Structures are given as structure tokens and as C-alpha cells.
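What follows draws every value from the coordinates through simple rules; no lab data is involved. None of the values given here were measured: they were computed from a predicted structure. Cβ placement follows ideal geometry from the backbone for every residue including glycine, while neighbour counts extend to all protein chains displayed.
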Amino acid sequence: MSANRVPENGEKRSTHALALVVQAVDRANQGIVVCDESGTVVLRNAPARELMNARDGDLLAEKAIEAALGRALTGSEHEEILDLYSPTRHTLEIRAFPLGDGPAPFGAVALVDDVSELRRLEAVRRDFVANLSHELKTPLGALSLLAETLNGEDDPEVVGRLTSRLETEARRFSRIVDDLLDLSRIEAGAIGTLTPVALSAVIAETVEAFHDQAVTREIRLEIASTEADITVMANRRDLTSAVANLVDNAIKYSEPGAAVYVGAGRSGERARLWVRDEGIGIPRREQERIFERFYRVDRARSRWTGGTGLGLAIVRHVAAYHGGDVSVESVEGEGSTFTLCLPVAVAEAPSG
């Protein structure tokens, strides 16, 4: 075509259509890489470019995509899963197809998806189902065995002891169900109404509620220095539940004679409510996982103390939907400090 010739309307439309196609491909969620019949890449959309630039293992991924396109150019479809381990594990799903209906494709396209989060969620789901089955099976098995033993028992002392065990296991089963329902509601976003809540009131209420439990376990439960007038926008029931879970854990994982302190302070626009114990502590390698559902550092102790393994998961979700977070600092043999950070409630400007 002469450099001075004005493109015809059909050519303009084709150029415009091609530009629209390129723009549409660029906005796709998955990575798309297209090559011609010689294997030369002629198109790589934005997600594919980001995917290749975001990983230390980009060279490995690039070679895998090139190999997939090469196989597609032979006329066959190709699919593979690629695991990258640098710096952290990421999983790519690569699918390549030939372009053209004839025996000799005029090109190939590779679709690349980062399925790392999907794989992680699938693993979490599998672990949750397995853990839930195990956790429910334990009290149900105990209830069945106790009921079988109680059947036909005439000794009043034995009957009383077995009945007490039945009540304990029934309460444990009920706590697991209640915690599951709470966790499901919170994860579903059913948070209810948020109102101004004073942290000092929540702390006082929680410490009073756990006073008898602390005395029974010979634990000193105290309110530490708490700044006055720290208010957050929260669902009071859920916030109280989160703090109660932290205090409950602190008491359960402390030895007789130790102390548990609860306090609150403010750092800029963030409120910090903390629970510190002098308990057994948490190994560093376990600290990232303790907020997972049913994850326990010491399973035997948790069952002995009646824990459900869901308390810290509830705390994490309560913190998240309030726009905050929860963290832990712990040293084995010295104790742990859990800190719940939430945005401070913004005071309304006076009217008029």
C-alpha cells in the first residue's frame, strides 16, 4: 500500500476492530499469550505480563508457556499445573490450544491462571471438613459410650459420675456447634448494627464474667492500665465474644499462680485492646497458624480444658469485619500477648 494512500473504510474498520480485540484481551482476568505459526509471541496481555514480572520463578513459567505453545502448534491441546516455590509457593494452570482448523495451525494461544488462592481455599476446605468430622466425632463417641455404660447401671455413685460426664460432653458438643454457627454468620457478613462501644466497658464486663473461672484455676485476672474514653464502632456482642475468647485462652493456657492482664490504649486513629498472660507460650513456627479453624498447638491440653479450636478464628474474623486485625507476640515458657487493633470511632461534628 502506498504511503500516501488514504485507508479505505473497510481497512479503518478492521484496524478499529483489531484495536478493540487487543483492548478486550488486555482486560481479561487470565493471562493470554498468542504466538504465530513459527512460535514467535505476537500478543501478551496485561495479566500475562504482570504474571511473568511478579514472580522470581518467571523464567520457569516462561519456559513452560513456550513449551505448551510448541505442543499446541503440533495440533494438540495441552494442559499442565506448574508449582513455583520462590519466594513463596504459587500455582499456575497453563492451557494451550492450536489456532485454525486445518492440519497446520496458523498459531496457538496459551491461557494462564494463577490458581494459588483457589488451591489454598480448597486445602482449607478439605482441612476444615476433616477437622470438623474429627472434632464432632470425639464428643459424639464419648456420649455414645457413656450412654451405653449408663444403661443398666444400678450403683448411684457410678450413675452420678457417668451423668456428670454426659453433661460435660454434651456442653462441649453444644459449644462446638455454637462456635460454628457464630463463625458461619460472621464469615457470611451478617454483622448486624455497629454502634459506639467503649472498650473499658467491654473489658470490665469480660473480666467479671471470667472471674470465677480464673479463681477456680488459681489465676490472677486483672485489668491493667486502660485509657479512658476509647470508643470503637462495633457490634458489641461480637466484640465482647472476641475479647472473651482471648481471655478464656489466656486462662486455660496458664499455670496456677500465674496472672492474666487485660488492657487498652490508643495509637493515633487505632484502638489497641490486649490480653497478656504468663502461660506456656506459643512456638514461633506455630504463631502464623493459630488463627486457623481447629488448629491447636497442644491438642491434648485443649481437649482437657474444653476448647473447641474455633475461638481464635472467630477473633480474627471479628477483627477483619470491623476493619482491624489481631496479632500475637509470644515466647515459649514466658507467655503471650494478643493484641486486637480496631479503628477508633469518629466523633460526629456538632450540628448547627
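With a cut-off of 12 Å between beta carbons, the residues surrounding Gly100 carry a summed charge of -3, where Lys and Arg count +1 and Asp and Glu -1.
Other residues with beta-carbon under 13 Å from the beta-carbon of Val115 carry, at +1 per Lys or Arg and -1 per Asp or Glu, a net charge of -4.
Taking a sphere under 10 Å around the Cβ of Asp26 and counting the other residues whose Cβ falls inside, with K and R at +1 and D and E at -1, yields a net charge of +3. Each of the peptides 205-217, 275-287 was scored by the mean count of other Cβ atoms within 10 Å over its residues; in descending order, highest first, they stand as 275-287, 205-217.
The charge dipole of region 192-352, taken about the Cα centre with unit charges on the Cβ atoms of Lys, Arg (+1) and Asp, Glu (-1), comes to about 520 debye, rounded to the nearest 20.
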